[in-house]
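The values are calculated or read from the model by the stated rules, or taken from the named source; none is laboratory data. All of these numbers come straight from a predicted model, not from anything done at the bench. FYI the Cβ positions are ideal-geometry reconstructions off the backbone, even for glycines, and counts take in every protein chain you see. Each accessible area value is taken on the protein alone, full model and side chains, heavy atoms only, with ligands, DNA and RNA left out. Shrake-Rupley method; radii C 1.70, N 1.55, O 1.52, S 1.80 Å.
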Amino acid sequence: MLKLELAAAARDAGAHAELEVRGPEGAWRADVLVSDPAGAWRMALEAQLSPITPDDIAARTERMQADGVPSVWFSDRYRPPWLGRVPSVRVKAVDGDGLVVEEGLAKFTAGQWEAGPRVPLAEFLRWVFAGRVVSHRRRAPVRSPLQTQRTVWTTPQYVQQEATHLETEERRKRLEQEEKRRLQEEERVRWEQYQERRRREDRERARARGEREAAIHALLERQAALEKPAFEFVRRETGAYPFVEDGGAAEFAMGVPVYVGMTPYGVICPVASRVAAARDRLAALVVFVASERERRRIAAQARPGQRIKVLDGGPAAVPSPQPPTVQGTLPLPDAIEGTSVCAPKS
């Protein structure tokens, strides 16, 4: 009965229809072979009500297509497993309208496929014969109830809309990926710059520590070298035997104080950058330095008229180019606070 109805609907749609037509050498047999009255095209309409696997129905479709005969498969069963695997529709008998296409037509809207309208079987075939609807293997997502249907019947305009949509989505995703890669590259560059900045700062701090330790070491060498010359200078000038502290004192700008009795008389090699803060205390004292360069640096920070004496401490008064190689670090100026009283070392 379904074959007869397919043939009748095809004729109503303006095609020529024959039942049970065999293909060349019996490779296939069409339930209903329809053709253009002018002979421009042929098509097989297949009524499939008995069970068949999707692979078998796909193979039968390919055999007919190999002979230039496309096919459309019809069933009135609910959701046959092959529906949408091949060009196919599900039909349903409706009182007063005969057979209508219940499933198989689709339209593309808002980036998704959704079910198309229900139309009479003859109207559907008329669209197919005229190319107003075509079999299309969809690529975009679907809305229910099309989830299982890979192949749908739709208009060429909807096919083009899907292609345009997918191209747009692909371009958008590509731009998003490019933007993501650009941001990742910028982040990578920023991280490398940050790491390089950290390494540079570490090197600068290490160099600064080395320079500071070298400066401290040179200061201690100059102070030690000038202990005896300062002692002799004060003894000649005052006639008394002075004594020299063991190390620099913060209140004397980290210089080593020289006492006559209980009164400070001079200071050996104060730190030039600390002189300004101690200039009042140093104003009445003799400042002993190891070079003219050191004298100028201290004079620039001291009170006008500050008495500064350049003494020759011998080779030991010349700063060493590098700090000594010892375990640990040298004491910082703030820690150089001698408390004991001693005569100069001979």
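DSSP loop (so not H, G, I, E, B), at most 14 other Cβ within 10 Å: list which trypsin sites (Lys or Arg not before Pro) in segment 21-107 pass both filters. Passing both the DSSP loop test and the Cβ count: ARG77.
For Kirkwood radius over Cα pairs in Å, several values are listed as (1) 29.2; (2) 21.3; (3) 19.9; flag the one computed from this structure. So the calculated entry is the one marked (1). Once you put a point 7 Å from the Cα of ALA284 and another 7 Å from the Cα of TYR78, both along the Cβ direction, what distance in nm separates them? Between ALA284 and TYR78, the label points sit 11.6 nm apart.
Which FRET efficiency value, to the nearest 0.05, do you get for ALA59 and GLN195 by plugging their Cβ-Cβ distance into 1/(1 + (r/R0)^6) with R0 = 56 Å? Don't skip to the end; give the middle numbers.
Working: r = 62 Å, r/R0 = 1.11.
FRET efficiency, ALA59 to GLN195: 0.35.
Solvent-accessible surface of segment 87-129, taken per residue with a 1.4 Å probe and all protein chains present: 40 Å².
Assuming 0.36 nm per residue, please report the length gained on full extension of the stretch GLU237 to ALA250 beyond their Cα-Cα distance.
Values: separation 13, 0.36 × 13 = 4.68 nm, distance 2.60 nm.
Gain in length upon complete extension: 2.1 nm.
Extension gain for ALA27-GLU292 works out to 83.8 nm (0.36 nm per residue, less the C-alpha to C-alpha distance). Extension gain, ASP12 to THR148: 0.36 nm times the residue separation minus the Cα-Cα distance gives 45.9 nm.
Can you tell me what share of the DSSP beta bridges in segment 1-83 is antiparallel? A percent to the nearest 5 is fine. Intermediate values should be presented prior to the final figure.
Numbers: 10 of 14 bridges.
Here the share of antiparallel DSSP bridges comes out near 70 percent.
Here r is the Cβ-Cβ distance between ASP202 and ARG171 and R0 is 51 Å; the resulting FRET efficiency, rounded to 0.05, is 0.65. Carbon-plus-sulfur accessible fraction, the chain (probe radius 1.4 Å, protein heavy atoms only): 51%. Placing a pseudo-label 7 Å from each Cα along the Cα-to-Cβ vector at MET1 and ASP67 gives an inter-label distance of 3.0 nm.
Given a Förster distance of 30 angstrom, what is the FRET efficiency for VAL134 paired with GLU178, based on the Cβ-Cβ distance and rounded to 0.05?
On the way: r = 35 Å, r/R0 = 1.17.
So, using R0 = 30 Å, E works out to roughly 0.30.
Taking a ≥ b ≥ c as the square roots of the eigenvalues of the alpha-carbon gyration tensor, segment 39-134 is classed rounded because a/c is under 1.5. Approximating the spin labels as points 7 Å out from Cα along Cα→Cβ, the SER50-to-ASP97 distance works out to 3.1 nm.
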